[in-house]
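To keep things clear, I will list the structure first and then write my remarks on it.
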Amino acid sequence: MNELKWTDELGRKGHQVMLVGESIAMHCHHYNINLQKTLEDNLGAEGVRLLVKAAEVASYSGFRSLLKQYPRVTTLKSKLEMASVMFQNCGLGILHFQSIRAGGGLIVSPSNHHVTGWLAKHGRRKTAGCHFVRGWIAGALEAIYRQPLGHYTVEETGCKMKRDPECIFQVKAR
Amino acid sequence: MAIDGSKIIHAVMEGSRIRESKGIIPLFGVYLSLFSTQYYNQLSFDFEKRMGPRRQEEAKKLLIGAAHECGYATFEGIRNSTEWEHVVAPMIESKEDEIRGFAAVAVAFGWGDLEVAEIIPGEKLRIRVGGSYEARGFLDRYGRAKSEKCYMLRGVAAAFMDLSYGGDYPDGYSTFAAEEPMCRAKGDPFCEFVAAKSHRPRQDD
């Protein structure tokens with residue numbers, strides 16, 4: 001893979017923090033988990049949908065910028081590797097893309113920011129809760145496969161928030 | 001001694017490049033993530049919209065509360081971290097300096113160009129922000145707002161006062177509340193946050 005030049009990509013423009021030309025913010029698990037809980041508690045399934053959608057849109061936009069900036073990254077393998085590196089470098093956790101095709105696939109996360117944050121604040125939950133990661137994966141794959149937003153659905157079939165051994169994400173094209 | 005924001009920005013930018021084997025960034029006593037401001041804005045403003053006009057005030061309160069509670073826990077972690085001890089604490093001579101240190105960390109986190117305009121010890125804090133990502137995000141997406149939109153910074157301003165003047169952690173939470181009388185999203189030249197003693201009874205009152 002053409003190395004992701006992280007030190008060049010993460011910088012500042014005045015008071016803004018920029019990553020691959022896009023404005024980002026550093027937030028900790030307290031805020032990320034508080035937002036998730038606020039949406040889930042008050043809007044239920046609709047709140048979950050908003051969480052997934054917002055992550056998907058932002059991830060899609062970020063990835064399109066990234067791929068434009070690295071035109072020599074052309075193979076699927078190198079693009080998925082770049083996605084894993086990006087996820088990890090942003091402090092979001094670890095993603096293993098295990099079997100990915102244009103029609104869908106399987107992704108495993110042995111650790112991620114939202115799991116660490118949720119367990120630290122609220123302990124075990126009864127349902128899968130990595131809604132942010134679901135959206136992030138969908139947006140990244142839509143950018144990688146040059147599909148429109150909403151092309152993929154991502155379901156979480158195992159989740160460390162409910163003490164499964166890993167988070168498992170099943171991706172399907174709609 | 002004045003707070004040197006550039007030293008804090010340097011420490012945050014360097015620290016944010018270090019992550020442990022699980023892909024987590026433990027920095028300033030919290031787990032940090034780096035993600036698009038577009039995400040946070042879409043989440044807040046879509047939530048407000050979905051709650052509908054009848055629950056709009058409740059939506060605002062919930063978003064401000066989420067940030068207030070976060071700011072209280074986050075900056076408590078931050079001021080007890082080794083990074084704070086090494087980088088910020090040497091510049092602090094008073095509680096007012098501590099608040100200026102909090103604001104400098106928020107600038108380093110990319111929350112906006114926070115400037116502490118006034119502190120009346122134990123009573124009032126006034127923060128000005130020319131480039132809040134929330135106000136900018138609202139304007140970009142929806143145009144001019146009818147009311148203030150920087151819910152995250154509003155909650156955080158109150159948390160700063162809770163931590164410095166609200167008594168021992170965690171009992172001081174919600175001693176203060178903040179308003180945003182001016183917001184760029186509604187056409188003001190900058191956003192302004194004023195934190196003062198809360199009229200809301202605390203849980204132990």
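Any read-out appearing in this document is the output of simple, stated calculations on the displayed coordinates, not a laboratory observation. This one's a predicted model, so the numbers in the text were calculated from it and none came from an experiment. Positions of Cβ are backbone-derived with ideal geometry, glycine not excepted, and every protein chain shown enters the neighbour counts.
Within the straight-line cut-off of under 16 Å between alpha carbons, the lysines reachable from B:K61 are A:K37, B:K49, B:K149, sequence neighbours fewer than 8 places apart in one chain being disregarded. Grab the other residues whose beta carbon is less than 11 angstrom from that of A:I100, score K and R as +1, D and E as -1, and report the net. So the surrounding residues net to +3. Database remark: amide H of A:C167 closer than 5 angstrom to the amide H of A:S109, A:K160 (H placed geometrically; neighbours at sequence offset of 5 or more, or on other chains; Pro and chain starts carry no H). If the elastic network links every pair of Cα atoms under 10 Å, which of A:H131, A:H113, A:H30 fluctuates the most in the Gaussian network model of chain A? Of A:H131, A:H113, A:H30, the most mobile in the Gaussian network model is A:H30.
Projecting the Cα atoms of A:Q69, A:V52, A:V133 onto the charge dipole of the stretch A:28-173 (Cβ charges, centred on the Cα centre) puts A:Q69 farthest toward the positive pole.
Apply the a/c threshold of 1.5 to the C-alpha gyration tensor of the stretch B:7-100 and tell me whether it is rounded, prolate or oblate. It comes out oblate by the Cα gyration axes. Give me the Debye-computed log₁₀ of I(q)/I(0) at q = 0.14 Å⁻¹ for the stretch A:28-173, equal point scatterers on Cα only, no solvent, two decimals. Results for the stretch A:28-173 at q = 0.14 Å⁻¹ read -0.61.
Connecting C-alpha atoms closer than 10 Å in a GNM of chain B, tell me which of B:L163, B:L139, B:L43 has the biggest fluctuation. Checking each option, the largest mean-square fluctuation is seen for B:L43.
Scaled to the globular estimate 2.2 N^0.38 Å, the Cα spread of the protein assembly as shown, given as radius of gyration, is 0.96. Note the angle between two axes, namely the Cα long axis of helix A:76-89 and the longest principal axis of the Cα atoms of chain A, as a number of degrees from 0 to 90, rounded to the nearest 10. The angle comes out near 60 degrees. Using only side-chain charges placed at the Cβ, +1 for Lys and Arg and -1 for Asp and Glu, the dipole size of the protein assembly as shown relative to its Cα centre rounds to 1700 debye.
Counting Lys and Arg as +1 and Asp and Glu as -1 over every other residue whose Cβ lies under 13 Å from the Cβ of A:E56, the net charge comes to +3. With θ taken as phi - 60° and the Karplus curve 6.51 cos²θ - 1.76 cosθ + 1.60 applied, the whole-hertz 3J(HN,Hα) list for the stretch B:154-161 is 5, x, 5, 4, 5, 4, 4, 5 Hz, x standing for glycine and proline.
Highest GNM mean-square fluctuation among A:S109, A:S99, A:S61, for chain A modelled with Cα contacts below 10 Å: A:S99. Computed over the stretch B:10-163, relative contact order equals 28 percent, with contacts defined as Cα pairs under 8 Å that lie 6+ residues apart. Scalar couplings 3J(HN,Hα) for the stretch B:132-148, obtained by applying the Karplus form with A = 6.51, B = -1.76, C = 1.60 to θ = phi - 60°, are 5, 5, 5, 5, 4, x, 5, 4, 4, 8, 10, x, 5, 8, 8, 9, 5 Hz; x denotes Gly and Pro. Calculation over all alpha carbon pairs of chain B in 5 angstrom steps from 0 returns a P(r) of 1, 7, 15, 20, 20, 17, 12, 6, 2, 0 percent.
Think of it as helices only: each DSSP H run of n ≥ 4 in chain B is worth -39500 (n - 2.57), and spread over all residues that comes to -14000 deg cm²/dmol at 222 nm.
Ordering B:T175, B:A73, B:A135 by Cα displacement along the dipole of the stretch B:5-197 toward the positive end leaves B:A135 in first place; charges were set at the Cβ atoms of Lys, Arg (+1) and Asp, Glu (-1).
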